[in-house]
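Down below is the structure, laid out as C-alpha cells.
Just so it is clear, none of the values below were taken in a lab; they were calculated from the coordinates. Only a predicted model underlies this, so the values are computations on that prediction, with no experimental measurement involved. All Cβ positions, even for glycine, are placed from backbone atoms using ideal geometry, and neighbour counts span all protein chains on display.
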Amino acid sequence: MASTLSLHTSIDSFHFLWRQIENEVYNSFTGLRDKFAILGAWYATRKTVGIIYCFVDAVRIHFFSGMKVNWIEKYGPWAVITGSSEGIGYSYAYELAQRGLNVVLISRNERKLQKAKAQIELDCKVQVEYIVADFSDENQTELYSNIGKKLSDKEIGLLVNNVGVMYDYPDVLLNVATQKIWQLIHVNIGAATLMTHMLLPDLVKRKKGGVVVISSGSSTQITPQMTVYSATKRYLDYFIHGLAYEYRNSGVVFQCLIPFYTATRMTGYSERLSNTSVMIPDAARYAKSAVKTLGRSACTTGYFPHTLQLWISRAVPLWLWMWTSEKLNNSLRREALSRQSKKSLKFTSGEMGTSFDS
Ligand SMILES: NC(=O)c1ccc[n+]([C@@H]2O[C@H](COP(=O)([O-])OP(=O)(O)OC[C@H]3O[C@@H](n4cnc5c(N)ncnc54)[C@H](OP(=O)(O)O)[C@@H]3O)[C@@H](O)[C@H]2O)c1
C-alpha cells in the first residue's frame, strides 16, 4: 500500500513538475515572442518609413524645383565639361549654357568641338571655348599642364567630370586589350581626379561653385563583363563622396550622377540600347533632367526612371545582380559581334563590287 502511494505521489509530482516546466517555457517564450514582435514591428516601421522617405525625396529631387537658382552667381561665370563634343557631356554643357553659363568644352575631335561650339553659341548666346585634348594621352603631366594653362585666365565655377569610356562591348577581362584598359584608367579615373585637383582650389577659395562626376548604374553592384568600367565608376563614387566630406564646410557643392543606359555613341554597339524609350533616354533628355538636380541631391541618377532602376538594383541580392548582368552582357556582346561581322561582310562585298566595276 505504502509503495503504491509513493508511486502515485512520484507520478503526480512528475506531472506537476512537467506542467511547471511547460508553463515556465511557455511564459519565457511568450516574453521572447513579445520582444520579437516589438523588434519586428520596429524593423517594419523603419523599412516603411525609409521607403516612403526615399520615394518622397526622389519626387522632390526630380519634380520640384524648389528655390530659384541664380546659376551665374552660384556656378558661374564659366563651367568646364570634359568629354563634351557629343553625348551626355555636350547636352549637359548645352543645358548649362541655357542657364547663362559660359562653357569650356574638352574632347579629342576638333571638328566635332567646333560644331558643338557653334550650336551652343547660336542657341544660347553665351561664350563657348574648347580645348582639344586626349585624356588617355601617354604624357599625362604635359596634358594637364596644357589644360591648366588654357583655363588659367577664367573664373571657373563648375567642373563637370563627364568624360568616360567603356570597352567596345561587354566582355571578360582577358579579352580586353591592354591599351583599352589604360584608356579606361586614364580617362575614367585620371581625368576626374586631376581636373578636380586642378580646379578645386579656386572654388574653395571663392567658397562657392560645384564639382560633378558622372558615374554609372553599373557601379551600384559588381558588374561582370564590364568589370574594369564599373570598378572605375565605383572609384568615382568614393572619390566624390570623400571630397564632399573633406570639404563639407567649403561652400562647394559636390554631386555624383549615376545614369543607367542612355542612348549615345557609347551604347552604339547594341541596337537595343540605341533605341530610346522611357528607360533609355537620349542624351538631351537625360541631361535636361540631370542638370535640375544639381544642388538638390549629392547623389542621384539624375533621371526619375533611372532612380526606379537604382532602387531595384540595390534591392536585389548580389548573386542575382551578377548572374543577370552576365546573361545580359553575354547577349549584348553576341549582338555587337554579329553586327560587326554583318558590317564587315557588307564592307568586303562593297569593296569587291568596286574592284569588279573598275
Ligand atoms: N551612355 C550610357 O549609357 C552611360 C551610362 C552610364 C554612365 N555613362 C557615363 O556618362 C559619361 C558620358 O557618356 P556618353 O554616353 O555621353 O559617352 P559618348 O557618347 O561616348 O561621349 C563621350 C565624350 O567623351 C569624349 N571623349 C572620349 N574619349 C576621350 C578622351 N580620351 N579624351 C577626351 N575626350 C574623350 C568624346 O569626344 P571625342 O571622341 O571627340 O573625344 C565625347 O565627347 C561617361 O562618363 C559614361 O561612362 C554613360
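Odds and ends about this structure:
- Percentage, to the nearest whole number, of Cα pairs in the chain over 40 Å apart: 30
- Structure-based [θ]222 nm, the chain - -39500 (n - 2.57) summed over DSSP H runs of at least 4, per residue, nearest 500: -20000 deg cm²/dmol
- Highest average packing first - 261-269, 174-182, Cβ atoms within 10 Å: 261-269, 174-182
- In the chain, a dipole from Cβ-located charges (positive for Lys and Arg, negative for Asp and Glu) runs towards its positive end, and of Val59, Ile88, Phe254 it is Val59 whose Cα lies farthest in that direction.
- Listed residue pairs exceeding 20 Å between alpha carbons, taken from Lys125/Lys149; Lys180/Lys346; Lys208/Lys292: Lys125/Lys149; Lys180/Lys346
- Computed across the stretch 217-286, the Kirkwood hydrodynamic radius from all distinct Cα-Cα pairs reaches 13.9 Å.
- Amide H to amide H distances under 5 Å link Glu129 with Val103, Val104, Leu105, where only residues 5 or more positions off or on other chains count and H is placed in the peptide plane.
- The stretch 80-212: relative contact order in percent, alpha carbon pairs under 8 Å with at least 6 residues between: 24
- Compactness of the stretch 23-78 was expressed as the Cα radius of gyration divided by 2.2 N^0.38 Å, which yields 2.33.
- Rounded to whole Å, sorted largest first: equivalent-ellipsoid semi-axes of the stretch 100-174, Cα gyration tensor: 26, 18, 12
- Average silhouette area of the stretch 229-358, convex hull of alpha-carbon atoms, in square nanometres: 11.3
- Convex hull per residue volume in Å³, alpha carbons only, for the stretch 152-256: 93
- From the alpha carbon centroid of the stretch 281-333 to that of the stretch 85-124 is 25 Å.
- Taking packing as the residue-averaged number of other Cβ atoms within 10 angstrom, the listed peptides 239-245, 254-260, 38-44 run from highest to lowest as 254-260, 239-245, 38-44.
- Estimated translational D of the stretch 23-126 in µm²/s (Stokes, Kirkwood radius over Cα pairs; 20 °C; 1.002 mPa s): 118
- A straight Cα-to-Cα reach below 19 Å connects Lys47 with the lysines Lys35, residues fewer than 8 places away in its own chain not being considered.
- Kirkwood hydrodynamic radius of the stretch 281-331, Cα pairs, Å: 12.6
- Positive dipole terminus of the stretch 36-176, leading residue within Ser107, Ile147, Thr48 (C-beta point charges): Thr48
- Fully extending the segment from Lys346 to Glu110, taken as 0.36 nm per residue of separation minus the present Cα-Cα distance, adds 82.0 nm.
- Relative contact order of the chain, taken over Cα pairs closer than 8 Å and 6 or more residues apart, is 15 percent.
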